[in-house]
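**Student:** Here it is: the structure, laid out below.
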Amino acid sequence: MPESKIITLLTDFGLSDVYVGVMKGVIAGINPTLPVVDLTHQIPPQNIAAGRFCLMNAVPYFPAGTIHVAVVDPGVGSHRRAIAVEFSGGFLVGPDNGLLSGVLSQNPAVAAVELTNPKYWRTPAPSSTFHGRDIFAPAGAYLASGIPLTNLGKTIDLKTLVELSLPSCVVTENEVAGTVQYIDHFGNLVTNIPGSYIEEQGWFAVAGSLTIPSGQTYSDTPSGTLLSLIGSHGWVEIAVSGGSADSELQKQLNQPSLLGVPMRVVKTNLDV
């Protein structure tokens with residue numbers, strides 16, 4: 001196995017248990033020269049949408065040919081497919097439950113297989129609750145070591161790959177309407193509104209009845225106040241200078257959860 005490409009790992013396994021370490025052990029058992037990069041293992045349990053967002057925003061920063069193994073898999077052991085997908089930037093390995101669909105929305109799939117060949121599993125009798133160890137980690141390791149995608153299983157129709165259903169971003173002349181698609185560790189509310197839609201424009205954000213001024217940095221407003229800006233990921237986000245927008249807006253909007261809550265961006269200097 002002459003090749004030795006990077007593998008990334010993204011899971012909701014956390015760091016308290018040995019699950020992540022065991023996956024790395026399986027990879028090392030197949031090819032100990034493979035470099036493994038942890039994207040995150042702190043995706044909220046079973047939160048496919050959060051995993052989708054994080055994977056989509058991490059993949060562009062890796063070299064072409066990288067193998068991305070992602071496991072947020074509440075349907076493990078069920079009839080959902082275990083898959084590997086080739087796209088222009090490398091390969092994705094994980095459950096066919098929409099987790100991979102964010103990457104594929106930006107980089108269309110070239111080929112895909114269902115991981116049905118037990119020769120490339122850890123064991124011919126994989127656990128029904130730990131496909132990360134028994135199917136996905138081995139598949140990633142073999143791909144990174146130069147095994148062709150088609151060796152791993154049967155080819156599947158790209159049109160049948162599962163896409164996660166998310167609210168659309170709606171653009172009009174005066175504003176862009178979207179929703180909160182992700183909440184990060186700092187409590188920043190990341191919307192599904194691309195920053196490119198409002199570049200070179202004056203703008204402010206609206207959440208419920210609240211008007212939120214825009215800025216370029218987290219310190220552009222006094223400490224403890226809301227602001228909107230374009231984050232490093234390229235999406236419009238709502239933040240609190242020195243605090244948590246998640247906590248603040250839950251109180252102000254009387255919402256127990258802000259995921260999926262509508263947000264709008266209003267343009268103030270239209271070029272019309």
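**Student:** Given the residues G234, G242, which is the only one that is open to solvent by less than 40 Å² (accessible area, probe 1.4 Å) and on the phi > 0 side of the Ramachandran plot?
**Tutor:** None of the others qualify; the one that does is G234.
**Student:** Would you be able to tell me the number of residues in segment 196-216 that are in contact (Cβ under 8 Å) with a residue 24 or more places away in the chain and either of a type in the set (F, W, Y) or within 12 Å of L253 (Cα to Cα) (or both)?
**Tutor:** Final tally of qualifying residues: 7.
**Student:** Could you pull out the residue among V180, V176 that is open to solvent by less than 80 Å² (accessible area, probe 1.4 Å), within 22 Å of G242 (Cα to Cα) and assigned to a strand (DSSP E or B)?
**Tutor:** V180
**Student:** Picking from V110, V72, which residue would you name as being buried (at least 24 other Cβ atoms within 10 Å of the Cβ) and either free of Cβ contacts under 8 Å to residues at least 60 places away in the same chain or within 17 Å of the chain's Cα centre (by Cα) (or both)?
**Tutor:** When all the criteria are applied, what remains is V72.
**Student:** Next up: Just one of the numbered conditions (1) in a helix (DSSP H, G or I); (2) open to solvent by 50 Å² or more (accessible area, probe 1.4 Å); (3) among the hydrophobic types (A, V, I, L, M, F, W, C) is not true of A141; which one?
**Tutor:** Failed condition: (2).
**Student:** Ok, one more. Need the failing condition index for F87 against (1) aromatic (F, W, Y); (2) open to solvent by 20 Å² or more (accessible area, probe 1.4 Å); (3) under 25 Å from K154 (Cβ atoms), just the number.
**Tutor:** (2) is the only condition that F87 fails.
**Student:** Give the residues of segment 202-227 that are open to solvent by less than 50 Å² (accessible area, probe 1.4 Å) and either at pLDDT 95 or above or of a type outside the set (S, T, Y) (or both), sorted by residue number.
**Tutor:** Scanning segment 202-227 gives G202, W203, A205, V206, A207, L210, I212, G215, G224, L226, L227.
**Student:** Do you know which residues across segment 144-159 are farther than 14 Å from D96 by Cα, out of contact with any helix residue (DSSP H, G or I) (no Cβ under 9 Å at 6 or more places or on another chain) and in a helix (DSSP H, G or I)?
**Tutor:** Within segment 144-159, just T150 meets the criteria.
Residues are listed down the side, and each one gets a yes or a no for (1) of a type in the set (V, I, T); (2) closer than 20 Å to N47 by Cα:
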| position | (1), (2) |
| --- | --- |
| V206 | yes, no |
| P222 | no, no |
| E237 | no, yes |
| S241 | no, no |
| K251 | no, no |
| P256 | no, yes |
| G260 | no, yes |
| K267 | no, no |
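**Student:** For segment 144-175, give me each residue that is farther than 20 Å from S105 by Cα, out of contact with any Gly (no Cβ under 9 Å at 6 or more places or on another chain) and in contact (Cβ under 8 Å) with a residue 60 or more places away in the chain.
**Tutor:** Selection gives S145, G146, I147, L149, L152, G153, E173, N174, E175.
**Student:** Another question, then. Output the residue which, of all residues in segment 54-69 that are buried (at least 16 other Cβ atoms within 10 Å of the Cβ) and of a type outside the set (A, V, I, L, M, F, W, C), is farthest from S105 (Cα to Cα).
**Tutor:** Looking at residues that are buried (at least 16 other Cβ atoms within 10 Å of the Cβ) and of a type outside the set (A, V, I, L, M, F, W, C), I get T66.
**Student:** Would you mind finding the one in A125, A49 that is under 24 Å from D17 (Cα atoms), part of a helix (DSSP H, G or I) and open to solvent by 30 Å² or more (accessible area, probe 1.4 Å)?
**Tutor:** Residue meeting the stated conditions: A49.
**Student:** Moving to a separate point now. Can you pull out the residues in segment 18-46 that are assigned to a loop (DSSP other than H, G, I, E, B), surrounded by fewer than 17 Cβ atoms within 10 Å (Cβ to Cβ) and within 22 Å of the chain's Cα centre (by Cα)?
**Tutor:** Those that are assigned to a loop (DSSP other than H, G, I, E, B), surrounded by fewer than 17 Cβ atoms within 10 Å (Cβ to Cβ) and within 22 Å of the chain's Cα centre (by Cα): P35, Q42, P44, P45, Q46.
**Student:** A further question on this structure: So is P213 assigned to a strand (DSSP E or B) and either farther than 25 Å from L99 by Cα or of a type outside the set (G, A, S) (or both) or not?
**Tutor:** yes
**Student:** Does segment 97-107 hold any residues that are buried (at least 23 other Cβ atoms within 10 Å of the Cβ) and under 20 Å from T150 (Cα atoms), and which are they?
**Tutor:** Answer for segment 97-107, where residues must be buried (at least 23 other Cβ atoms within 10 Å of the Cβ) and under 20 Å from T150 (Cα atoms): just L100.
**Student:** I've got another one for you. Just to be sure before I move on: is L152 surrounded by 13 or more Cβ atoms within 10 Å (Cβ to Cβ), farther than 16 Å from M23 by Cβ, at pLDDT below 95 and touching a strand residue (DSSP E or B) at 6+ places or on another chain (Cβ under 8 Å) in the structure I sent?
**Tutor:** Criteria not met by L152.
**Student:** Going by what's in this entry, would V240 be described as of a type outside the set (D, E) and under 26 Å from Y61 (Cα atoms)?
**Tutor:** Spelling it out, it is not the case that V240 is of a type outside the set (D, E) and under 26 Å from Y61 (Cα atoms).
The values are calculated or read from the model by the stated rules, or taken from the named source; none is laboratory data. No experiment lies behind these values; they were computed from the predicted model shown. So basically every Cβ, Gly included, is an ideal-geometry build from the backbone, and we count neighbours across all protein chains shown. We work out accessible area using only protein heavy atoms, side chains counted, and drop any ligands, DNA or RNA first. Shrake-Rupley method; radii C 1.70, N 1.55, O 1.52, S 1.80 Å.
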